[in-house]
Amino acid sequence: SDWIDVTTEKNHYSLNHFVIPSHYERDVSSILIPHGVIMDRIQKLARLIVDDSQGPLVVCCILKGGHQYFADLVNEIKKLRRNNGSSVPLSLEFIRVKSYTNDTSGGVNISLTDEQLKEFEGKNLLIVEDIIDTGATMVHLLNRLETYNPKSVKVTSLLLKKTPKSNGYIPHYVGFAIPDAFVVGYALDYNEYFRDLDHICVISDEGKAKYAV
Ligand SMILES: O=P(O)(O)OC[C@H]1O[C@H](OP(=O)(O)OP(=O)(O)O)[C@H](O)[C@@H]1O
Ligand SMILES: Oc1ncnc2c1N=NC2
Ligand SMILES: [Mg+2]
Ligand SMILES: [Mg+2]
């Protein structure tokens, strides 16, 4: 398939084999994707994206969870476009979207200013997300963006969760397919905790209880 599949339990790594910040040691149960593997996969995703989009590109970070993947991906895209001798500008936009409290999705709240939306008219957009779970965030966001008549919209998500709650949305570029578990780290949070963890881990029951609101 187009992505790396880590949905089977046996793929998980033991906490003892990597460095985990001491303040999270009891709050995660396993490492699903070590930071180094994420970075290597992002190099490949950048190559796929650059090969498909030579022209001007507006790369849109979906805050907050998308920021780490966005930062690392844009770094790789810049390198590749320079090497391709491309002198075409890359512009960056940041859209705040929120729907999760604890491990449950509520209403999707998109904060986009009108002057920001003028930036999208007639442009080639690349939307950068951390994870597609139910797909509700992305479906709402794409509907909103369409009303501003972009020239094209492509979506990349580092993670795609295999869950019965999915509305079936699948992005154009996916890093990894993951199991139906709540993951944290690499900017993915649980009530704003764990964004400072480098590896993508499965949250433990203790972590869920400790940081629940
Ligand atoms: O496919 P879905 O079920 O909609 O879930 C995916 C979305 O939910 C999370 O955002 P969250 O609401 O936690 O805000 P955050 O990005 O600030 O963490 C995540 O970053 C995605 O944006
Ligand atoms: O597994 C997850 N971990 C963090 N944030 C979110 C998740 N799924 N939807 C939003
Ligand atoms: Mg988000
Ligand atoms: Mg979140």
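Points to keep in mind about this one:
- Helix-derived mean residue ellipticity, 222 nm - over the chain, DSSP H n ≥ 4, -39500 (n - 2.57), to 500: -8000 deg cm²/dmol
- Each residue of the range 96-108 was assigned a 3J(HN,Hα) from its phi angle through the Karplus curve 6.51 cos²θ - 1.76 cosθ + 1.60 (θ = phi - 60°); the sequence is 8, 10, 9, 8, 9, 10, 6, 10, 10, 7, x, x, 8 Hz, with glycine and proline shown as x.
- Cα point-scatterer Debye curve for the chain, base-10 log of I(q)/I(0) at q = 0.09, 0.12, 0.16, 0.18 Å⁻¹: -0.35, -0.62, -1.09, -1.33
- The Cα center of the range 84-161 and the Cα center of the range 178-213 differ in position by 22 Å.
- Within the listed set VAL174, VAL88, VAL58, the Gaussian network model of the chain (springs between alpha-carbon atoms below 10 Å) gives the highest mean-square fluctuation for VAL88.
- To the nearest 10, the accessible area of LEU48 is 60 Å² with a 1.4 Å probe.
- Of all DSSP-defined beta bridges confined to the chain, some 35% are antiparallel rather than parallel.
- Fluctuation leader among THR137, THR113, THR101 - the chain, Gaussian network, Cα springs under 10 angstrom: THR113
- Only protein atoms count toward the accessible area here, which uses a 1.4 Å probe; on the range 1-106, the carbon and sulfur part of that area reaches 51 percent.
- The GluC sites (Glu not before Pro) of the range 10-116 that meet both conditions, a loop assignment by DSSP and at most 12 other Cβ atoms within 10 Å of the site Cβ, are GLU25.
- Exceeding the 18 Å Cα-Cα cut-off - candidates LYS44/LYS162; LYS98/LYS162; LYS44/LYS123; LYS64/LYS162; LYS118/LYS151: LYS44/LYS162; LYS98/LYS162; LYS44/LYS123; LYS64/LYS162
- Backbone amide hydrogens, once placed in the peptide plane, bring LEU57 within less than 5 Å of SER91, excluding anything fewer than 5 places away on its chain.
The values are calculated or read from the model by the stated rules, or taken from the named source; none is laboratory data. What you are looking at is a predicted structure, and each value in this text was computed from that prediction instead of being measured. All Cβ positions, even for glycine, are placed from backbone atoms using ideal geometry, and neighbour counts span all protein chains on display. Quick note on the areas: whole protein, heavy atoms, side chains included, nothing else; ligands and nucleic acids left out. Shrake-Rupley method; radii C 1.70, N 1.55, O 1.52, S 1.80 Å.
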